[in-house]
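Have a look at the structure below before the remarks.
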Amino acid sequence: RATLLLFRCLLKMVKGNIIVPEEILNFCCNGLQGSTSPSRAQEPGEREEALGAMASPLPARNPTEVQMSQLVLPCHTNHRNELSAGQLLKWIDTAACLSAERHAGCPCVTASMDDIYFEHTISVGQVVNIKAKVNRAFNSSMEVGIQVSYEDLCSGKHCSICKAYATFVAQGPSGSKVRLKPLIPQTEEEKIEYSIAAERRRMRLVHKDTLKDLLTRSRPDTELETRDGSGAVPAEKTRVESVELVLPPHANHQGNTFGGQIMAWMENVATIAASRLCHAHPTLRAIEMFHFRGPSQVGDRLVLKAIVNNAFKNSMEVGVSAEAYGQEMSVSPRHINSAFMTFEVLDQEGRPRTLPMVAPEPGDGERRYREASARKKIRLDRKYVVSCKQTEVPLSVPWDQSNKVYLSYNNVSALKTLVAKANWALAREKEKVRMYTLEEDKFLSFRIEMSVCITASQAFSLLSNLWRRHEWDSHYVSAELVQKVDDDDMIYHVVSQMHRQESKLQDFVILASRRKPCSKGDPYVVAFRSVTLPTHPPRAEYTRGETLCSGFCIWPESEEMSKVAYYNQAMPGYLNYVTTNVAGLSSDICATFEACEKFLLKNKEDLISRLQDF
């Protein structure tokens, strides 16, 4: 028993790259062999064999992974003896930067930080554990995923604090961009994050357009909100301006102002502005995306400005910006960063207090007031459509112009998550068609695939148009294009008949999202999910059906061959049909997919003929 305990200790020591004393190693190896005689000296070969045996069970670690543990001391805390959000942002940015540089092999700078939602506060004496690793590398930028938790050393309790995604850019000696090597994911979790990173990148690029579009469609003459019994506080009274001189301790190893330090300074002035509204100590709950627009160096004067843009019933939004000046502050400033932070004020029971209203200034103040309302809607869309787990996403989410980006993201990321799952089991094989199943707690999913003599781009073009699906899928009666959202997203009203003996048809309102490969090795994706449209409510002549996650993934295998795979997370009304096919009592799914192959080959030949005639 003592030998086994010692052996477990040795495993931890080997994992942590701790040198094992020779006497302990000899004793352990002799004990494992069942020897009760005094320890003898081992030959070098035996010692290497023993170390190899101990190291072999340990899982391979992601080479970009960085782990940081920080004990929260009084100097890190605020007046409530809780870790200040600014200090936490500095630690998050440091860990993420080190992870990015591990992959890039050169200096990296923070380009942006996605929304952060703080679930809990951290008290003095507790330990902050931060884990960061690169999810995906693009041309010169990469996404780093960060997980933050705290540990109570007395009780042993662990609790999640937040999850964040940061974008870093690799820089060469003269500040030029560096082309990054591709990242190869290994585990199921890494494959999921790798696949969805491309969709998150796409969402970041359209973030400004989403806000602009929402404001354009909102009524400009809407009366400002009023709440009876609350005196409005002029927004100007919450304004804060503070200057910071960038010194060497504030700079990173490249001489630029540390991104985490800038975020901490911004959080500080934002907290002061929030306090001026509520005359209390606010708690930071969320930070909207940070976007660094340019660098700052040692010797710069950073002017930080903050003001409360809008106060809702239990929360307020504070806008904060950072501008850099040289020694001559008369020169035009360089815009460094802007962010929007959401604060709450908690009572003694930890419940949010009602906040006073804000009276915005005419002109820019009213514009910021309305933009804050739009951002609140966008934050809710992102939090409850994008951030929640797939099993928590409600079916048939109402679709409108303001949440189209996030529903599209959820649609594609749900399919990519399903594709990256491990433990797919081969259920049936009929000639070229292979059917796999994935059994999870709440869902039975199936995948059906085959290799087809067609280019991936041609198959993608044909399968992404639902209005042509009835040509190969006998269950589809019709598919009407209801709305073309953009070139990549369309909404269809689909009428189907699962069983011929059914007298009542079934209908769906489906969002179809298509994506071309982001980089080599990515598939073409066509994702489907149910949405709700006010123009197409349930009708008496149809039974309204729903689909949570389904679609096609198409991988090129050669210049003329492609692997076409269809995925479906079976809903209760569809489950009997799926299990009947999986059990071999029906071949309807395989026959439908064989018809799909004939459809692809026929239209491929027609396409070639039209090109030849042209």
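Only one of these is without any contact (Cβ under 8 Å) to a residue 12 or more places away in the chain and not assigned by the TED database to the domain that holds Ala111: Glu317, Glu328, Glu344. Name it.
Just a single option satisfies the conditions, and that option is Glu328.
Would you point out the residue of region 584-596, among those that are under 26 Å from Cys453 (Cα atoms) and open to solvent by 30 Å² or more (accessible area, probe 1.4 Å), that is modelled with the lowest pLDDT?
Filtering region 584-596 for residues that are under 26 Å from Cys453 (Cα atoms) and open to solvent by 30 Å² or more (accessible area, probe 1.4 Å), the one modelled with the lowest pLDDT comes out as Ser587.
Can you confirm whether Ala527 is in contact with a Phe, Trp or Tyr (Cβ under 6 Å, 6 or more places away or on another chain) and either of a type outside the set (Val, Ile, Thr) or on the phi < 0 side of the Ramachandran plot (or both)?
no
Quick one: in region 325-344, which of the residues that are in contact with a Pro (Cβ under 6 Å, 6 or more places away or on another chain) and surrounded by fewer than 21 Cβ atoms within 10 Å (Cβ to Cβ) is nearest to Gly260 (Cα to Cα)?
Looking at the filtered set, the residue picked out is Tyr325.
If Glu317 meets every condition in (1) over 27 Å from the mean Cα position of the chain (by Cα); (2) closer than 28 Å to Pro234 by Cβ apart from one, which number is that one?
(1)
Quick check on my filter: what residues within region 74-108 are in a helix (DSSP H, G or I), open to solvent by less than 40 Å² (accessible area, probe 1.4 Å) and among the hydroxyl-bearing types (Ser, Thr, Tyr)?
If the condition is that a residue be in a helix (DSSP H, G or I), open to solvent by less than 40 Å² (accessible area, probe 1.4 Å) and among the hydroxyl-bearing types (Ser, Thr, Tyr), then Ser99 is the only one that fits.
In contact with a helix residue (DSSP H, G or I) (Cβ under 6 Å, 6 or more places away or on another chain) and more than 30 Å from Val397 (Cα to Cα): is that true of Ala306 in this structure?
Details: in contact with a helix residue (DSSP H, G or I) (Cβ under 6 Å, 6 or more places away or on another chain): yes; more than 30 Å from Val397 (Cα to Cα): yes.
Against the criterion (in contact with a helix residue (DSSP H, G or I) (Cβ under 6 Å, 6 or more places away or on another chain) and more than 30 Å from Val397 (Cα to Cα)), Ala306 qualifies.
Given the criteria of a type outside the set (A, V, I, L, M), at pLDDT 90 or above, surrounded by fewer than 14 Cβ atoms within 10 Å (Cβ to Cβ) and touching a strand residue (DSSP E or B) at 6+ places or on another chain (Cβ under 7 Å), does Glu241 qualify?
Details: of a type outside the set (A, V, I, L, M): yes; at pLDDT 90 or above: yes; surrounded by fewer than 14 Cβ atoms within 10 Å (Cβ to Cβ): yes; touching a strand residue (DSSP E or B) at 6+ places or on another chain (Cβ under 7 Å): yes.
It is true that Glu241 is of a type outside the set (A, V, I, L, M), at pLDDT 90 or above, surrounded by fewer than 14 Cβ atoms within 10 Å (Cβ to Cβ) and touching a strand residue (DSSP E or B) at 6+ places or on another chain (Cβ under 7 Å).
State whether one or more residues within region 597-610 are modelled with pLDDT under 80, outside any strand (DSSP E or B), in contact with a helix residue (DSSP H, G or I) (Cβ under 9 Å, 6 or more places away or on another chain) and surrounded by fewer than 18 Cβ atoms within 10 Å (Cβ to Cβ).
Checked against the condition, which is being modelled with pLDDT under 80, outside any strand (DSSP E or B), in contact with a helix residue (DSSP H, G or I) (Cβ under 9 Å, 6 or more places away or on another chain) and surrounded by fewer than 18 Cβ atoms within 10 Å (Cβ to Cβ), region 597-610 yields at least one hit.
Only one of Lys181, Lys131 is assigned to a loop (DSSP other than H, G, I, E, B), touching a helix residue (DSSP H, G or I) at 6+ places or on another chain (Cβ under 8 Å) and of a type in the set (Lys, Arg). Can you tell me which?
Lys181
Kindly indicate the residue of region 425-453 that is more than 24 Å from the chain's Cα centre (by Cα) and small (Gly, Ala, Ser) and also surrounded by the most Cβ atoms within 10 Å (Cβ to Cβ) among those meeting that condition.
Ala427
Yes/no matrix, rows are residues, columns are (1) part of a loop (DSSP other than H, G, I, E, B); (2) surrounded by fewer than 17 Cβ atoms within 10 Å (Cβ to Cβ); (3) among the polar types (S, T, N, Q):
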residue: Lys237; (1), (2), (3): no, yes, no
residue: Ala264; (1), (2), (3): no, no, no
residue: Thr271; (1), (2), (3): no, no, yes
residue: Leu277; (1), (2), (3): no, no, no
residue: Gly294; (1), (2), (3): yes, yes, no
residue: Ala306; (1), (2), (3): no, no, no
residue: Asn310; (1), (2), (3): no, no, yes
residue: Lys313; (1), (2), (3): yes, yes, no
residue: Val318; (1), (2), (3): no, no, no
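The values are calculated or read from the model by the stated rules, or taken from the named source; none is laboratory data. Only a predicted model underlies this, so the values are computations on that prediction, with no experimental measurement involved. FYI the Cβ positions are ideal-geometry reconstructions off the backbone, even for glycines, and counts take in every protein chain you see. Quick note on the areas: whole protein, heavy atoms, side chains included, nothing else; ligands and nucleic acids left out. Shrake-Rupley method; radii C 1.70, N 1.55, O 1.52, S 1.80 Å.
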